Amino acid sequence: MRMSRVEDYPWAGRAGFYVLGKSLLDGKEGTGFVKVSSGCRLFEAWRYACRHDSTLLFLFTMLPQVLLALLVPLLALADEGSISGPTTSVEAAGYSCDPNKCKLPKCNCASAKPPGGLDPKDVPMFVVFTADDAVQSYTLDAVNQFLARRKNPNGCQPKMTYYTSLNYTNYTLVTDWYVAGNEIADHTMTHVGDPSKEEINGNLMALNALAGIPYTAITGFRAPYLNYSVNTLKALAAAGFTYDSSASASIPVTDPNTDAYWPYTLDNGMANDCLQVQGSCKGQPVLPGFWEIPMYAFFDNKGVAGPHLMDPWLDNANGATKQNDTATLEYMKNTFTAHYNGNRQPIGLYTHPIHLSTTYPGVPAPNGTINMINSFLDWAQTQQNVWIVSSQQLLAWVQNPVPVSQLDSVQALKCSTPKVDASTKICNGIPSNEAGLLSHCSFPEFPFYTCYGCPQTIPTVANPNPPQQVPDGQQARQRIPANCSTPFWDPIGAKCLCSSSECQFNDISRPIGPNGANLTGGGTGGSPGQSSAPTQSYVPFNGKGYALPPGVWAASVVGILGAVAGVYGVLGAGM
Ligand SMILES: [Zn+2]
């Protein structure tokens, strides 16, 4: 346990804040409000709530409890990733690694220098974009407002990594997000820190069974609350994961003792978080070929004393007592520039999309912050060789690093679209194909949709893949086999539309020039209020419809969705 990561709340201790009872926060039965004398400290997830308490109190007072039961657990799942200072030191790390023995692609020493001995000027500047927790319509909307209108230098829409936990997740949206090219990764079933292997492996099984994500596609993990142990890392390696991304890079790249290492293997143990994770570092744990992708903090003008890791836009910058988007933007740019002008270690936007949603009923859209993040990405993308990527894409390049002049050869950076005719009726993660074919699994705890048949009970750690509930007169739906890609698998007809590896996808990447041509990213995100024309050919989720449970929930949000649909109308057209 690393409690120091979750204790530093400048807003904590606000007396008299009301929250719903713990039992409801856990998604079980529960009623009434509990006055929490120590304010927000009890539930780290209430960080957002504590900043917007008047709104939420209004929300809690005005909306029927049935709606609250749906809303509150979603809020409660957002987790924290704050650090308050260095999480390692040279002494605590006691790290040594011989680069003559530890060689790519299977082994890489923890190093601030780029992999493969590349000159930093030949190294792409990667901006890793991640989201954590449950997948719901409003979380995908939140991510889309930053990425859907952007292009990487090769003309492809950026991909990102969704570290998915399962409580309150709408499985069909996971399928859609994956089929659109994004990475789906593991964040435990029920969102617990220092998780058991059953929590980790159960997430794999349920995502495979109910979201149709191939086992081979789920290669990464992030620990809830960034709370991991040596046993977590061992469990991941044993289960065949390729990487963990829970560790912090907590010392600026301008410091000679920086811990902003490029992703590295644990052949020689961990080199990050050595002051935090018991039994880690000084050569442990030895997990050959298993990777750590550090999470790179931003630093404000307090330097090493002012780190900002997850959701930095919620933090107060420079020791101030109030959040300030202008100050956040300034230090984000400064940290990016330090990386860019130095050894080009990646930078990361590690988001909890709930904090950036414009479609979350009853919560005002944080438009200033959304615009600030888009401004940051706009600015970053005007520079040469900047790529917005998923963790998996970053790792693919690190394992086989090539100079920017040869990026055309990196398969993981390409974009491709599945060749499935829009008129084909197949439940495959493409909204135009699967319309009308989803199973609605109406569990009172959290209803969801899936292409793969509803389970008889909600997946649990004890039983992550319950038997299918087959409606009278219908056949069971067939879950995805190992030899078919998700967009081509027909779970109702139990057949693969295309089983050859060549016939399935169109490569729509644009060649990028060897002499610097087209090496800046394209497209600016703009704000949700802008009506710039869409440039992407495929967006997985259009902000309408089937994500919502029926009844009062849908009725309560229909007005909001209407407004959102208006704003995004131009984006949704022709998708
Ligand atoms: Zn989380």
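No value in this document is a laboratory result; all are computed from the given coordinates. Please read these numbers as outputs of a predicted model, since none were measured by experiment. Backbone-built Cβ (ideal geometry, glycine too); neighbour counts: all protein chains shown.
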Subject >> Candidate set: the range 118-139, residues that are part of a helix (DSSP H, G or I) and touching a helix residue (DSSP H, G or I) at 6+ places or on another chain (Cβ under 6 Å); chosen: the one farthest from the ligand (Cβ to nearest atom) >> reply: 122
Subject >> Pick from the range 219-240, criterion surrounded by fewer than 24 Cβ atoms within 10 Å (Cβ to Cβ) and in a loop (DSSP other than H, G, I, E, B), ranking: nearest to the chain's Cα centre (by Cα) >> reply: 219
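Given the condition in a helix (DSSP H, G or I) and touching a helix residue (DSSP H, G or I) at 6+ places or on another chain (Cβ under 8 Å), answer yes or no: does some residue in the range 94-114 qualify? It would help to see each step written out before you state the result.
Here is the first cut: in the range 94-114, the ones in a helix (DSSP H, G or I) are none.
No, every residue in the range 94-114 fails to be in a helix (DSSP H, G or I) and touching a helix residue (DSSP H, G or I) at 6+ places or on another chain (Cβ under 8 Å).
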Original post:
Which of the residues that make up the range 174-198 are crowded, with 24+ Cβ neighbours inside 10 Å, more than 16 Å from residue 245 (Cβ to Cβ) and without any contact (Cβ under 8 Å) to a residue 60 or more places away in the chain?
Top reply: 174
Subject >> Pairs, first at positive phi in the range 271-294, second assigned to a strand (DSSP E or B), C-beta under 7 Å, six or more apart >> reply: 273/248; 289/265
Subject >> Selection count where residues are free of Cβ contacts under 8 Å to residues at least 60 places away in the same chain and more than 24 Å from the chain's Cα centre (by Cα), scope the range 335-350 >> reply: 1
Subject >> Members of the range 145-179 found to be within 16 Å of the ligand (Cβ to nearest atom) and in a helix (DSSP H, G or I), listed by number >> reply: 174
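Looking at the range 362-400 only, could you name the residues that are in a loop (DSSP other than H, G, I, E, B), crowded, with 19+ Cβ neighbours inside 10 Å and not β-branched (Val, Ile, Thr)?
First, pick out the residues of the range 362-400 that are in a loop (DSSP other than H, G, I, E, B): 362-366, 382-383, 385, 390, 400.
Then keep just the ones that are crowded, with 19+ Cβ neighbours inside 10 Å; that gives 363, 365-366, 385, 390.
Matches in the range 362-400: 365, 366, 385, 390.
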**OP:** Just need a number here: residues in the range 241-285 that are not in a loop (DSSP other than H, G, I, E, B) and not hydrophobic (A, V, I, L, M, F, W, C).
**Re:** 6
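Answer yes or no as to whether residue 211 is away from the ligand (no atom under 14 Å from the Cβ) and surrounded by fewer than 20 Cβ atoms within 10 Å (Cβ to Cβ).
Details: away from the ligand (no atom under 14 Å from the Cβ): yes; surrounded by fewer than 20 Cβ atoms within 10 Å (Cβ to Cβ): no.
Spelling it out, it is not the case that residue 211 is away from the ligand (no atom under 14 Å from the Cβ) and surrounded by fewer than 20 Cβ atoms within 10 Å (Cβ to Cβ).
Quick check on residue 391: is it closer than 26 Å to residue 257 by Cα and within 19 Å of the chain's Cα centre (by Cα)?
On the way: closer than 26 Å to residue 257 by Cα: yes; within 19 Å of the chain's Cα centre (by Cα): yes.
For residue 391, the condition - closer than 26 Å to residue 257 by Cα and within 19 Å of the chain's Cα centre (by Cα) - is met.
Could you list, in sequence order, the residues of the range 325-334 that are surrounded by fewer than 23 Cβ atoms within 10 Å (Cβ to Cβ) and touching a residue at least 40 places away in the same chain (Cβ under 8 Å)? Quick ask: steps written out before the conclusion?
Looking only at the range 325-334, we keep the residues that are surrounded by fewer than 23 Cβ atoms within 10 Å (Cβ to Cβ), and these are 325-327, 329-331, 333-334.
Result: 325, 326, 329, 333.
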Original post:
Only one of 226, 233, 266 is hydrophobic (A, V, I, L, M, F, W, C), under 16 Å from residue 88 (Cβ atoms), within 16 Å of the ligand (Cβ to nearest atom) and touching a strand residue (DSSP E or B) at 6+ places or on another chain (Cβ under 9 Å); which?
Top reply: 226
